[in-house]
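Accompanying notes for the structure given below.
The values are calculated or read from the model by the stated rules, or taken from the named source; none is laboratory data. Quantities reported herein were computed from a predicted structural model and do not represent experimental measurements. Cβ sites come from the backbone with ideal geometry, for glycine too, and all protein chains shown count toward neighbours. Surface accessibility is based on the protein's heavy atoms, side chains included, excluding ligands, DNA and RNA. Shrake-Rupley method; radii C 1.70, N 1.55, O 1.52, S 1.80 Å.
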Amino acid sequence: MTSATLDLTNGIGILGGTFDPIHLGHTQSAQAVANELGLTKVLLIPAHIPPHKTSATLVPHASAEQRAAMVEIACQSSKLFFCDPRELKRSGHSYTVETLKELKQQYPEQTLYFIIGMDSLMSFTSWHQYQEILTLCHLVVNTRPNYPIEQLNKTTKALLCQHQASDITELSQDKSGRIYFAKACFFDISSTQIRQHLAQKQSGHLQLQPEISEFIHKNKLYR
């Protein structure tokens, strides 16, 4: 059965992240998920202070305002993406479960599809109130190179046994609680690599939208 006949247009994709900077790996993989599921709206949610990024090397390099501006730029050329700055307006850590609760209140009739990478799935069972997250949305996992499913810990494997959707049609049978692996769509791009290239005066433009490259250059970011 195709996504078109599934009619998941009554759902919203959600992609959170530091977006430091947002790059084509973020947008192209989210676009691929939207195409597969038949979604017409994906919220891009820049994180304020991600709880898992606590060391100095992992704290965002660009300011919250600059990261939000880059996400806004990424949304301008797309009818699919919308910037949702709610986490930047909070003080302290940004917890996914709180964001999903707010979105569920805002869109009570919509099914929420929370898009994460394999790297995030590997640590998902250590997330704040991860069981409650699954009561609010479906998890859609983007597989990534160098993160084979065999490397998942026992707790995560047990979670998959309970929640994994083996077929896309299962996503339309429940409003939440499924973990679905999207079709393999490899974009091996990382914000860390882009920042390193820019710091070394190397071009990162092939991995960034031209308008975002221009914003970075204009604001002297990542130098």
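Observations, loosely collected:
- Most to least packed among 126-139, 159-172 [average Cβ atoms within 10 Å]: 126-139, 159-172
- Estimated from helices alone, the mean residue ellipticity of the chain at 222 nm is -10500 deg cm²/dmol (sum of -39500 (n - 2.57) over DSSP H runs with n ≥ 4, per residue).
- Taken along the Cα-to-beta-carbon direction at a fixed 7 Å, the label points for D174 and K79 span 3.3 nm.
- Peptide ranges 149-157, 24-32 listed from the most packed, as the mean C-beta count within 10 angstrom indicates: 24-32, 149-157
- Of all accessible heavy-atom area on the chain, the percent that carbon and sulfur account for (1.4 Å): 52
- Lys/Arg +1, Asp/Glu -1 at C-beta; the chain dipole; positive extreme among A30, Q173, H48: H48
- Gain in span if fully extended, C161 to K220, counting 0.36 nm per residue against the direct Cα distance: 16.5 nm
- The largest-to-smallest principal axis extents of the Cα set in segment 97-223 are 48, 37, 27 Å.
- Relative contact order of the chain, taken over Cα pairs closer than 8 Å and 6 or more residues apart, is 23 percent.
- Relative contact order, percent, segment 129-218 [alpha-carbon distance under 8 Å, six or more residues apart]: 34
- Sites T135 and K201 - FRET efficiency at Förster radius 41 Å, r taken between beta-carbons, to 0.05: 0.30
- When only Cα pairs below 8 angstrom with a gap of at least 6 residues are kept, segment 91-176 shows a relative contact order of 35 percent.
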